[in-house]
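The values are calculated or read from the model by the stated rules, or taken from the named source; none is laboratory data. Just so it is clear, the model here is predicted, and its values are computed rather than measured. When we count neighbours, we look across all protein chains shown, and the Cβ atoms used for this are built from the backbone with ideal geometry, even at glycine. Side chains are part of the model used for accessible areas, which takes the heavy atoms of the whole protein and leaves out ligands, DNA and RNA. Shrake-Rupley method; radii C 1.70, N 1.55, O 1.52, S 1.80 Å.
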Amino acid sequence: VQLQASGGGLVQAGGSLRLSCAASGSIFSISGIGWWRQAPGKQRELVASIVNSTHYADSVKGRFTISRDDVKKTAYLQMNSLKVEDTAVYYCNAGVRDYDGRLKTHWGEGTQVTVSS
């Protein structure tokens with residue numbers, strides 16, 4: 001199973017980006033999906049997650065929206081009103097159940113988001 005995160009880039013403060021996380025491989029189903037970020041010198045933090053409902057870090061509530069398309073096996077993070085402090089490497093992870101019934105958490109490679117002032 002592989003998770004491929006994409007959509008990062010350089011954007012001015014107040015702008016928007018949409019990140020994608022596409023899963024591929026031997027996938028029977030996907031349970032929870034999370035978007036995390038890690039800024040230089042800081043610990044990785046959970047930004048948003050989605051299972052049956054969504055959860056957001058206080059710092060992004062009202063600005064970021066997590067969604068998923070189970071047919072495409074893809075999750076998205078729509079980021080609006082971006083701030084300089086949103087600058088970080090963004091990672092996705094997902095709980096994936098394979099055809100043998102085993103559930104395992106997988107991580108994607110990070111995608112850099114840089115917000116300039």
**Request:** Residue by residue through segment 66-113, note down the ones that are open to solvent by 50 Å² or more (accessible area, probe 1.4 Å), over 16 Å from Ser20 (Cβ atoms) and among the aliphatic types (A, V, I, L, M).
**Result:** Val84, Leu103
**Request:** Output the number of residues of segment 33-92 satisfying the condition of being touching a Lys or Arg at 6+ places or on another chain (Cβ under 6 Å), small (Gly, Ala, Ser), under 23 Å from Ala13 (Cβ atoms) and outside any loop (DSSP other than H, G, I, E, B).
**Result:** 1
**Fill in**
Result of the Cβ filter at 7 Å on segment 1-28, keeping first residues that are under 15 Å from Thr114 (Cβ atoms) and partners that are basic (Lys, Arg) and assigned to a loop (DSSP other than H, G, I, E, B), at least 6 apart or interchain, is Ala13/Lys83
**Complete:** Considering segment 18-65, residues that are open to solvent by 20 Å² or more (accessible area, probe 1.4 Å), in contact with a helix residue (DSSP H, G or I) (Cβ under 9 Å, 6 or more places away or on another chain) and not basic (Lys, Arg), and then whichever is farthest from Tyr90 (Cα to Cα), we arrive at Ser59
